[in-house]
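Beneath this line is the structure, given in C-alpha cells, with notes to follow.
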Amino acid sequence: MSATRAMDWRTPLAVTMFIQTILSLLSRVIPTIAPTLLPQAGLDPSLVGLFDAMNTIGAMIFLVAGTPLIRHSGNIRTLQIGLLLGVAGLGLLVFPFWLPIALMNLLCGCGYGTSAPAGSDLLLRYSPAHRRTLIFSIKQAAVPLAGIVAGVALPFFVAHTGLPGTIAILMLVTLASALLVQPVRDKLDRDRDPRQPLGFNIFLSAGNLSAPFRCVARSPRLVQMSFVAFCNSVGQGVIYAYLITYLVASLHFDLQVAGTIFAVLQVSGVVGRVLLGWLADRFNASMAILRASSLTSALAVAAFAFSSAAWPPAAFILLASISGLACASWAGICLAEAARAALPGEVSEATSGVTLVYYIGFVIGPVLFAGLLGLSDSYRLGLLITAALTACGALRLAVRPRQGG
C-alpha cells in the first residue's frame with residue numbers, strides 16, 4: 001500500500017480522464033452523426049434514441065458483470081479493453097444496417113461502462129483524502145468535455161472526410177489511446193490479482209451479477225448515494241434529452257440559438273464539476289455541496305418549466321449556466337463519496353452499484369417525460385414533475401444515514 005500511495009496522483013488522474021474522454025466521445029458518436037448515418041442505413045433519424053439506449057444497456061452490462069475482469073487484469077488493462085471494444089464497435093459501422101449499428105452502440109456502451117468502476121478504484125488508491133472529491137470531479141468532467149468535442153469535431157469530419165473517413169479517424173484515435181497508456185500499465189496495475197478466475201461462468205454467476213447491488217444494500221451511505229444519484233440523473237437526463245427540443249418546439253427558438261444554449265450548459269458542466277469538487281474538498285463539505293447541487297438542479301428545471309419565448313436569450317444562457325453547474329456537476333462528488341464509503345476491496349462493486357442506479361434514472365427520466373408529454377402535450381407539467389423528483393435527492397441528503405458512511 002505504501003508503494004501505491006508513493007506515486008503522484010496526477011498520473012492516474014491524467015490517464016483516467018484521458019481514457020474517459022475517449023470512451024465518452026464514442027458514446028456520443030451515434031447521437032451526433034445520426035442525421036447522416038441512419039438515412040444511409042434506411043432508418044429514420046428519429047430512431048436515434050433507441051440506438052442510444054443500447055449504449056446505456058451496454059454500460060450497465062459491464063457494471064453488473066465486469067468486476068472479475070478488473071480484479072484479474074487491473075484497472076488500466078480494463079480501460080484499454082474498453083477502448084478496444086469501442087474500436088470493434090466502430091468497425092461495425094461499415095455495414096449500414098440496423099443490427100450492426102445496434103451492436104456498435106452495445107459494444108461502445110460496454111467499453112464506456114469500464115470507466116466508472118476501474119477509474120474510481122484506481123483514483124481511490126492514489127488520491128490523497130483532502131483532494132479526493134476534486135480529483136473524482138475532474139475525472140467526471142471528461143463526460144461533458146467529450147460532448148463538446150463530439151458536437152464540434154464530428155460534424156466537421158463528416159463534412160470534410162465523409163462518414164467512412166470519420167469512422168476511420170475515430171478508430172485510429174481510439175486504438176492510439178489504448179497504446180498510449182501502455183507504458184504506465186505495469187506500475188498502475190501492480191495491485192491486480194492474476195489468480196482471479198475469468199470466464200462466462202464467472203461473469204454470469206448469480207454471485208457476481210448481484211455483487212454491486214449487495215454491496216450497496218449493506219451500506220446505508222451507499223443506499224443514500226444511490227437514491228441521490230437516481231434523483232439527480234432523472235433531472236440531468238431530461239435536460240440533456242429535451243432542452244433543445246423544448247426550446248425549438250415549444251418556445252420556437254432557432255435551432256442554432258437552441259444549440260448554443262445547450263453548448264453553454266455543457267461548458268458550464270465541465271467548469272462546474274471541477275469547481276464543486278474543489279469546494280467540497282476545500283471546505284470538507286461534500287454533503288452540503290451535493291445537497292445544494294440537488295436543490296439547485298430542481299429549481300433550474302422548474303425555472304425552465306415557467307420560461308417563455310418573451311425571455312431574452314441572455315436569460316436562457318444564464319439559466320443554462322446554472323443548470324450546467326448543478327444538473328451536470330454532481331456525479332464526481334457522488335462517486336467520491338461512494339468510493340469513500342466502500343469497504344476495502346469493494347470500490348469497484350460500490351461505484352458500479354451507484355452508477356447502475358444513476359443510469360437507470362438517466363433512462364427512466366426521459367422515458368417518463370416522453371410519456372407525460374404524450375398524455376398532456378405539456379412541457380411544463382413534465383418539467384415540474386422532473387423538478388419534484390430531482391428535489392427528492394436534496395431531501396434525502398437532509399437525513400443522516402442510520403449507520404456507517
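The values are calculated or read from the model by the stated rules, or taken from the named source; none is laboratory data. Computed from a prediction, not measured in an experiment: that's the story for all the values here. All Cβ positions, even for glycine, are placed from backbone atoms using ideal geometry, and neighbour counts span all protein chains on display.
Suppose we filter 226, 307, 268 for residues that are in a loop (DSSP other than H, G, I, E, B) and not β-branched (Val, Ile, Thr); which single one remains?
307
Identify the residue in the range 154-182 that is among the β-branched types (Val, Ile, Thr), in a helix (DSSP H, G or I) and touching a residue at least 12 places away in the same chain (Cβ under 8 Å) and, among all such residues, is nearest to residue 83 (Cα to Cα).
174
Count, please, the residues in the range 154-212 that happen to be touching a Leu at 6+ places or on another chain (Cβ under 6 Å) and hydroxyl-bearing (Ser, Thr, Tyr).
2
Kindly indicate which of 61, 70 is out of contact with any Leu (no Cβ under 9 Å at 6 or more places or on another chain) and β-branched (Val, Ile, Thr).
It is 70.
What is the residue count in the range 202-213 for residues that are assigned to a helix (DSSP H, G or I) and in contact (Cβ under 8 Å) with a residue 12 or more places away in the chain?
So the answer is 7.
Can you tell which of 172, 222 is outside the structural domain of residue 320 (by TED's automatic domain parsing) and either surrounded by fewer than 19 Cβ atoms within 10 Å (Cβ to Cβ) or not charged (D, E, K, R) (or both)?
172 is the lone residue from the list that is outside the structural domain of residue 320 (by TED's automatic domain parsing) and either surrounded by fewer than 19 Cβ atoms within 10 Å (Cβ to Cβ) or not charged (D, E, K, R) (or both).
Please go through the range 174-188 and give me each residue that is closer than 25 Å to residue 157 by Cα and either of a type in the set (Phe, Trp, Tyr) or out of contact with any helix residue (DSSP H, G or I) (no Cβ under 7 Å at 6 or more places or on another chain) (or both), ordered by number.
176, 179, 180, listed by residue number.
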